[in-house]
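What follows is calculated from the coordinates using simple rules that are stated; it is not laboratory data. Note that this is a predicted model, so its numbers are computed, not measured. Here Cβ is always computed from backbone atoms with ideal geometry, including for glycine, and neighbour counts include all displayed protein chains.
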Amino acid sequence: MSSDATNNMQKQLDKIAILQKCGQDEEAINQLNTIITQFSGHPHPYFLLGISLFNLEKYSEAIDLISRAIAINPKIAEYHTYLGIALCKVGKKALAKVRFKAAIELDSRQTDAAFHLGDILIDDGNPKDAVEILQKAVKIKPDFVEMWNNLGLCHKALKQLQLAKECFQKAIELNNDHADSHINLAMTLLIMGEYSRGWQEYEWRFKRDSSPLCCPPPDGIAIWRGEPLADKNLVIICEQGFGDSLQFVRYIPILKKKCAKLLLITQNNLIPLLQAMPEVDLITNQNENLGHIDYYCPLLSIPHILNTTLDSIPKTTPYINPIPDLSSQLQKKIGQNGLKVGLVWEGKPLFQNDPLRRRSTTLQDFAPLTSVANIKFFSLQKGPPAQQLETPPQNMDIVDFDPQIFNFADTAAIIVNLDLVITIDTATAHLSGAMGKATWILLPFSPDWRWGLESDKTPWYPNSLMFRQSQPNQWQEPILQMVSLLKKWPII
């Protein structure tokens, strides 16, 4: 290609880059198709065409075009970076990982490639490898907020909490409006026992694009921030997962003493169970027909408003009780003989890049429990994981309650008739703990904040015991610890 032709093409591509920055990708595509017919042997028009298609969320087409650019010139790091990003969009992370590594090998300053590669390594459960990649990248680009946030997540997954805390604080220093860094800092502070600042930082969850509340607050109603509630009506709105709701409704009796009327908006599956709480004047799943309301309060903001510390957690259990008629109906099916143990081995999927998604185990992992004499198991597992009951561990006598569980009132009616519940970190752990039932909780190497890092006890549920992984993804050791204690039953 002559120098004049090259200069002419470059001028056209510079104009197209401006169109892309202005969001005019359709026009950029039209012009790029013309340029490609003139300069079909040059990689950059293909690359830019791929970028415009990517911007229009046509990821498969973008992959084809950027791949063509790489075929013409495989030595341009930027091409590999963007191909990797496009591959991530269609779920091909293994291929994306190859491209990000290629980009970094070609140019160690490809911080976008490093960021996304680190993201994949976190997702793969390799935070140690991700730390090495991300640490190098933040030295090159120290103002990369999301990189500091992800580096913090890696340190947190490795239980390097002080380093995690410093990374999140650095991200916040660079961008005080970065909600994810505030929330991740909150989770780190809480697991470190620094509750006061942790609750404060956790209020940043409302700065995310999607609200954590299970229902929008009533129109025109002020949020309660600790004002006197005498003669006032307060509506509490549950948020996030079932486990969060079950854990924090312990505050309802405290707030009921402060206000005239207490209403609760919660998830449908919790209504039959929680409507039995005597302190709740009205329970619903919507923000309509509530009558006169003075304030609303998100459920998980209560500990912040009440200045909850590790020493002031409301510890009285049970604060949730089963429905008597349901419990008596199930008593005959469960029987009285033997040690009656409920099992849960899998929870619902969590957010991508959240180490807690590794909290689940399998029914087969519970096989060592069958070595304990005179024990009978009852599955409290819901959803597709209950299909594992079709091939239970050898010699496991287990009853499947999945067909009879429609909501948490049904689960509570079963639990009250058991001696012990063994569960991973899921809503059942909170329900059983809230009922004051002996509960053994299997925790991943990097646990959720509420369980702390080391102790086998938790102030949130005095009758619960924690069994922790000493290595990521290895359940054998904590389950064998359970076997040893089961042979000495009763323990707690």
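Quick notes on this structure:
- Trypsin sites (Lys or Arg not before Pro) within segment 229-267: DSSP coil, no more than 11 neighbouring Cβ in 10 Å: Lys257
- Mean Cα-pair separation over length for segment 222-305, i.e. relative contact order, pairs under 8 Å, 6 or more apart, %: 45
- Principal-axis analysis of the Cα atoms of the chain puts helix 324-334 at an angle of about 90° to the longest axis.
- Average Cα contact separation per residue, segment 324-486, under 8 Å, 6 or more apart, as relative contact order %: 25
- Antiparallel %, DSSP beta bridges [both residues in the chain], to 5: 5
- Near Ala386, once Lys and Arg are set to +1 and Asp and Glu to -1 for all other residues with Cβ below 10 Å from its Cβ, the sum equals -3.
- Cα-based radius of gyration of segment 1-131 once divided by 2.2 N^0.38 Å, which approximates compact folds: 1.11
- Positive-end residue, segment 353-492 charge dipole about Cα centroid, Cβ charges, pick of Phe377, Asn417, Leu465: Leu465
- Computed over neighbours whose Cβ is under 9 Å from that of Leu189, the net charge equals 0, Lys and Arg +1, Asp and Glu -1.
- Between the helical axis of 111-123 and the longest alpha-carbon principal axis of the chain there is an angle of about 30 degrees.
- Note: segment 324-486, Cα convex hull, 112 Å³ per residue.
- Bridging of Lys333 to lysines at a Cα separation below 30 Å is possible for Lys348, Lys376, Lys382, Lys437, Lys487, Lys488, once same-chain residues fewer than 8 apart are set aside.
- Axis of helix 179-191 versus longest Cα principal axis of the chain: the two differ by about 40°, to the nearest ten degrees.
- Theoretical FRET efficiency, 1/(1+(r/R0)^6), r = Cβ-Cβ of Gln481 and Glu57, R0 56 Å, to 0.05: 0.70
- The trypsin sites (Lys or Arg not before Pro) of segment 24-87 meeting both criteria, a DSSP state outside H, G, I, E and B (loop) and at most 14 other C-beta atoms within 10 angstrom of the site's C-beta, are Lys75.
- This model, with +1 at the C-beta of Lys and Arg and -1 at the C-beta of Asp and Glu, gives segment 222-305 a dipole about its Cα centre of some 240 debye.
- Across segment 310-316, computed HN-Hα scalar couplings (Karplus, 6.51 cos²θ - 1.76 cosθ + 1.60, θ = phi - 60°) run 4, 7, 10, 4, x, 9, 5 Hz from first to last residue, x flagging Gly and Pro.
- Segment 137-188 - Kirkwood radius from inverse mean 1/r over Cα pairs (Å): 10.4
- Checking [x] 1.03; [y] 1.18; [z] 1.49 against Cα Rg over 2.2 N^0.38 Å calculated from these atoms, the matching label is [y].
- For segment 1-107, the number of Lys pairs with C-alpha atoms closer than 29 Å, counting only pairs eight or more positions apart or on separate chains, is 28.
- Diffusion coefficient (Stokes-Einstein, Kirkwood radius over C-alpha pairs, 20 °C, 1.002 mPa s) for segment 65-135: 181 µm²/s, rounded to a whole number.
- Cβ charges +1 (Lys, Arg) and -1 (Asp, Glu), total dipole of segment 365-476, debye: 260
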